[in-house]
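A short worksheet on the structure shown next.
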Amino acid sequence: MPGHVSEVIKDMLPSSLDLSRLQPLVVSTVVGAGGLLVYFLVIWRRTKAKTLPMGDGWWGAGEKPLAEDKEIHPFQIETSDEEIKDLYNRIDQTRFTPPLEDSQFHYGFNSIHLRKVVSYWRNQFDWKKQVKLLNKYPHFITKIEGLDVHFIHVRPSGLPEGQSAKPLLMVHGWPGSFFEFYKILPLLTESRDGLVFEVICPSIPGYGFSEAPHKTGFDSIAAARIFYKLMQRLGFKEFYMQGGDWGGLITTNIAQMRPENVKGLHLNFFPVTKHNLWMLVSLLLGAYVPFLVGFTREDVKRIFPFFEKNVYNMLRESGYMHIQATKPDTAGCGLNDSPVGLAAYILEKFSTWTDKQFRDLEDGGLERKFSLDDLLTNVMIYWVTGSMVSSMRFYKENLNKNLEKRPDSKIGVRVPTGLAAFPNELLHAPLVWAQQRYKNVISYSYMLRGGHFAAFEEPELLAEDIRQFVKKVEK
Amino acid sequence: MGDGWWGAGEKPLAEDKEIHPFQIETSDEEIKDLYNRIDQTRFTPPLEDSQFHYGFNSIHLRKVVSYWRNQFDWKKQVKLLNKYPHFITKIEGLDVHFIHVRPSGLPEGQSAKPLLMVHGWPGSFFEFYKILPLLTESRDGLVFEVICPSIPGYGFSEAPHKTGFDSIAAARIFYKLMQRLGFKEFYMQGGDWGGLITTNIAQMRPENVKGLHLNIFPETKHNLRMIVSLLLGAYVPFLVGFTREDVKRIFPFFEKNVYNMLRESGYMHIQATKPDTAGCGLNDSPVGLAAYILEKFSTWTDKQFRDLEDGGLERKFSLDDLLTNVMIYWVTGSMVSSMRFYKENLNKNLEKRPDSKIGVRVPTGLAAFPNELLHAPLVWAQQRYKNVISYSYMLRGGHFAAFEEPELLAEDIRQFVKKVEK
């Protein structure tokens, strides 16, 4: 304390008080007050702002009406001869451009292989049969915030005595759909070790059979809020969630909004958005002293060489993201008239995001992990609903402003979290990085095989990891 | 200079070096097919109040398409395209298309100066149709004979069949073209890829180039000098060599150059990585193709057109002109091959290519248009162009200079050539 102040205090105090004993008291009071101040400014504020504000929205055309229909209507996917004939006409008038010699999949979808895929599509693929397959689970549509939201609701067939099905919300991404979950659904809706789920797979508004927003600004927080309202409307007070791609971000947002309703969050895609000094240090040192920065040997194997794998590779693979985040209406325009153009655009991702090395193959390795029927069914969902443009807009709505400046990037995720890191995923995030946002990771698995479309490609592996995660939560 | 061969399969022993006259043709089937496809377009309604911020607004697109379907006369436009003589000649295995426009009446004692003009993406030789009359008439004793080729992979020039066809290859092919036409010395003019290609020619064979005129000259040398000039330029511009006009056009730097470029370079990113995928649907959907191309004619003419419901498309261009350019891509099915040029050039770091290390010493004239995508002050341009004898801050105009402001550009070319000729 400044000298003259202590003089003043000395003058004010009764002479019986010993100043030398007072000074430590004052110092500790100051320190204590300072500590309290720090607590309030930093920690209390942080714990106070620990949930994401939900907000509200309305996305229908024109003005918002006074009342909204809250009914849940059963829904069936339908097709017609006209729809199929129109598709075939368009396929028949495709104008292919020959690829460069020896270019494999390095320039995008090789059109020689595209012809083969299209030939199958035109001559063997049976859309009516696929529609029946899609309809094997019950579909519904309900209006939320002015939009018709589509979802399937799959209950276990025979529930053993004493067991209850755990509600599980699974959210898809781009260029996927609810259909990606059709292989994993049987594995989750059957009882195993006393654990069984009832699963809700909605379509993100603007994707497939969910109505596209009519107003600007529909980002992952809006989608999260709508899906939360859906779970409320279905009567679920507590539920689990699983997501990848946009589904990973949307389910994360729900966990940030209403952690009290979320029993657990399982993700197969969790890119880290907090680029800070800590991450930089771990990158610089990680290849040499991994354990010092919290990397495992597997982390090192998946991350380095950093520039090659993460920077160059991401530059090579993110052109679609760049154009969709800036000019979605232009980028999607032609894809809504040309089914072959749409298929090339979508299936290129199912090739490269399943395994980067498929770029070196003449056929893009497309049918190594997926059947053409499955791949084309997903494409048809975008085609028959004409939803490619609206699906692309989601990129602009989310990426237009810096992702690190959004409210959700500052809020931690405190619900029990399970992370499944697939080896061929686009970017690998070690546990130490993920923990910057996910504060309560109770399960982190290095998966044996698989890429970006985990549920579609490796349903058994993913189902197993979800189950072991939920078992941990339930303990 | 190197050498190359881009035809399909193996290189034959002998190559046809003849120059064959060529006519653009169309047919009823071609037009009927176009109309069928237009009629089956599936438009996606735009978001309310989004103008051109999400790309080409489909409400305005419907109007453009309606004109295309009902009033645009492709047969008439083909006649217009054929008013200049077209030719095709095989170079390095590819059929190279070009127009060769000689002045109609050459006054006594004058000779026409040969001028090679190269287009870019998503343009074509057609962009020069407005400026050609202004350059092929004699004025102040100066008149040009103009060669406008199509870059291989664009329009009526055959697309390369092998990988690796970059601007250096295109430059070499166009140089061989000028040789084949008998020109020992010539001038060149270019913008967009045409700017890079003509620059490459000037770097390969400076002895044949009398002068180089550019309306785009993006700076690729990012070095300390540039950073320093950026940091200080807003405050003490004269210290770092910026003029007041430079300052006006460059700052605020992040907003104008970084954010704006990020907002406008999505097409470049996807074309430089996945051209075959990006162009696939555009070869089946004429409306998709039109939206993709015309969005650039809106935004690259004036960034502020993004705020307009109609993208300001018809403020500087007529629909007939815009659609004729689109049709050149459509009838030749050259969108995919045109996009591949981005990958071939941008795949490796542009700063590591041999041409980035070599200065350009031929007399150079630079025309800086105010609405061009990026502004490069003279001090930056001089890092590569060592012999700039003319630098003009143009009054009006954007990226498609020859198409949008032919008089202004022609005037600048003429005053530049006069300076060279002195």
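The values are calculated or read from the model by the stated rules, or taken from the named source; none is laboratory data. Predicted model only: the values in this text are computed from it and were never measured. All Cβ positions, even for glycine, are placed from backbone atoms using ideal geometry, and neighbour counts span all protein chains on display.
Numerical summary
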{"quantity": "Some residue of the range A:108-118 being surrounded by fewer than 19 Cβ atoms within 10 Å (Cβ to Cβ) and part of a loop (DSSP other than H, G, I, E, B)", "calculated": "no"}
{"quantity": "Yes/no for A:Pro65 being over 30 Å from B:Asn283 (Cβ atoms), more than 11 Å from every other protein chain (Cβ to nearest Cβ) and over 29 Å from the mean Cα position of the chain (by Cα)", "calculated": "yes"}
{"quantity": "Pairs, first over 11 Å from A:Gly108 (Cα atoms) and at the interface with chain B (Cβ under 7 Å from one of its Cβ atoms) in the range A:339-358, second among the acidic types (Asp, Glu) and buried (at least 24 other Cβ atoms within 10 Å of the Cβ), C-beta under 8 Å, six or more apart", "calculated": "A:Val340/B:Asp284; A:Gly341/B:Asp284"}
{"quantity": "Any hit, the range A:359-379, residues being within 22 Å of B:Gly266 (Cα to Cα) and surrounded by 15 or more Cβ atoms within 10 Å (Cβ to Cβ)", "calculated": "yes"}
{"quantity": "Out of A:Gly217, A:Gly176, sole residue that is closer than 13 Å to A:Ser390 by Cα and either surrounded by fewer than 22 Cβ atoms within 10 Å (Cβ to Cβ) or more than 14 Å from every other protein chain (Cβ to nearest Cβ) (or both)", "calculated": "A:Gly217"}
{"quantity": "For B:Gly365: the one exception among (1) in a helix (DSSP H, G or I); (2) more than 16 Å from the chain's Cα centre (by Cα); (3) modelled with pLDDT of 95 or more; (4) not β-branched (Val, Ile, Thr)", "calculated": "(1)"}
{"quantity": "Filter result (charged (D, E, K, R) and either touching a Phe, Trp or Tyr at 6+ places or on another chain (Cβ under 7 Å) or surrounded by fewer than 24 Cβ atoms within 10 Å (Cβ to Cβ) (or both)) within the range B:275-293", "calculated": "B:Asp276"}
{"quantity": "Count of the range A:88-112 residues which are under 30 Å from A:Ile77 (Cα atoms) and within 11 Å of chain B (Cβ to nearest Cβ)", "calculated": "7"}
{"quantity": "A:Gln232 within 30 Å of A:Leu134 (Cα to Cα), part of a helix (DSSP H, G or I) and out of contact with any Gly (no Cβ under 6 Å at 6 or more places or on another chain)", "calculated": "yes"}
{"quantity": "Any chance A:Ser390 is hydroxyl-bearing (Ser, Thr, Tyr) and either in contact with a Phe, Trp or Tyr (Cβ under 8 Å, 6 or more places away or on another chain) or at positive phi (or both)", "calculated": "yes"}
{"quantity": "Verdict on B:Phe156 being more than 25 Å from B:Leu408 (Cα to Cα) and aromatic (Phe, Trp, Tyr)", "calculated": "yes"}
{"quantity": "Hits in the range B:395-422 - residues which are crowded, with 20+ Cβ neighbours inside 10 Å and not in a helix (DSSP H, G or I)", "calculated": "B:Gly397, B:Gly398, B:His399, B:Phe400, B:Glu405"}
{"quantity": "Qualifying positions in the range B:1-35 - of a type in the set (Asp, Glu), at pLDDT 95 or above and not in a helix (DSSP H, G or I)", "calculated": "B:Glu25"}
{"quantity": "Output for the range B:74-104, where each listed residue is in a loop (DSSP other than H, G, I, E, B) and in contact (Cβ under 8 Å) with a residue 60 or more places away in the chain", "calculated": "B:Pro85, B:Glu92, B:Gly93"}
{"quantity": "Test for A:Gly365: is it on the phi > 0 side of the Ramachandran plot and away from chain B (no Cβ under 13 Å)", "calculated": "yes"}
{"quantity": "Scope the range A:137-161; condition among the acidic types (Asp, Glu) and assigned to a strand (DSSP E or B); matching residues", "calculated": "A:Asp148"}
{"quantity": "When residues of the range B:294-320 are limited to those that are within 11 Å of another protein chain (Cβ to nearest Cβ) and surrounded by fewer than 24 Cβ atoms within 10 Å (Cβ to Cβ), the one farthest from A:Phe96 (Cα to Cα)", "calculated": "B:Arg306"}
{"quantity": "Among the residues listed as B:Ile31, B:Ile19, B:Ile38, B:Ile24, the single one being away from every other protein chain (no Cβ under 14 Å), crowded, with 17+ Cβ neighbours inside 10 Å and hydrophobic (A, V, I, L, M, F, W, C)", "calculated": "B:Ile24"}
{"quantity": "Given (1) closer than 27 Å to A:Gln104 by Cα; (2) buried (at least 19 other Cβ atoms within 10 Å of the Cβ), index of the condition B:Thr163 fails", "calculated": "(2)"}
{"quantity": "Segments classed as helices (runs of 4 or more DSSP H), wholly inside the range B:238-325, with at least 3 members that are at pLDDT below 95 and more than 21 Å from B:Arg396 (Cα to Cα)", "calculated": "B:266-271"}
{"quantity": "Test: residue in the range A:180-188 that is out of contact with any strand residue (DSSP E or B) (no Cβ under 8 Å at 6 or more places or on another chain), surrounded by 17 or more Cβ atoms within 10 Å (Cβ to Cβ), among the acidic types (Asp, Glu) and under 30 Å from A:Tyr345 (Cα atoms)", "calculated": "yes"}
{"quantity": "From A:Leu335, A:Leu375, residue being at pLDDT 95 or above and either among the basic types (Lys, Arg) or in contact with a Gly (Cβ under 8 Å, 6 or more places away or on another chain) (or both)", "calculated": "A:Leu335"}
